[in-house]
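The values are calculated or read from the model by the stated rules, or taken from the named source; none is laboratory data. This is a predicted model, so every value here is computed, not measured. Using ideal geometry, Cβ is built from the backbone for each residue, glycine included, and neighbour counts are taken over all protein chains shown. For accessibility, only protein heavy atoms count, side chains too; no ligands or nucleic acids. Shrake-Rupley method; radii C 1.70, N 1.55, O 1.52, S 1.80 Å.
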Amino acid sequence: MDLYEKNGNILYILNVLKKYSDEDHILSIAEIERKIEDMYEIRIDPRTIRRNINLLKYKFDYDISTRTDNG
């Protein structure tokens with residue numbers, strides 16, 4: 001994985017969430033991981049996905065529900 005792909009992780013995650021999830025369609029980390037691999041042909045570690053979702057949620061104020069929020 002080159003530097004551009006590594007820096008793009010958060011954008012890949014955000015794009016997948018915007019395209020495939022809403023309040024009626026919740027994606028698991030595994031599903032996000034598969035969609036990123038299918039769409040962008042890269043693999044992102046599940047811990048990186050979680051970390052980036054938290055960054056989007058708490059630092060950039062995206063309205064993202066997590067497993068903790070949903071039970």
Which labelled figure in (i) 20, 52, 22, 5, 0; (ii) 19, 51, 26, 4; (iii) 19, 59, 20, 1 is P(r) over Cα pairs in 10 Å bins from 0, in percent, once derived from the coordinates: (iii)
Relative contact order computed over the chain (Cα-Cα under 8 Å; 6+ residues apart), in percent: 29 percent
ILE42 accessible area, 1.4 Å probe, all protein chains in place, Å² to nearest 10: 10 Å²
Apportionment of accessible area to carbon and sulfur, the chain, percent (1.4 Å): 47 percent
Net charge over other residues, Cβ less than 12 angstrom from the Cβ of ARG51 (K, R count +1; D, E count -1): +3
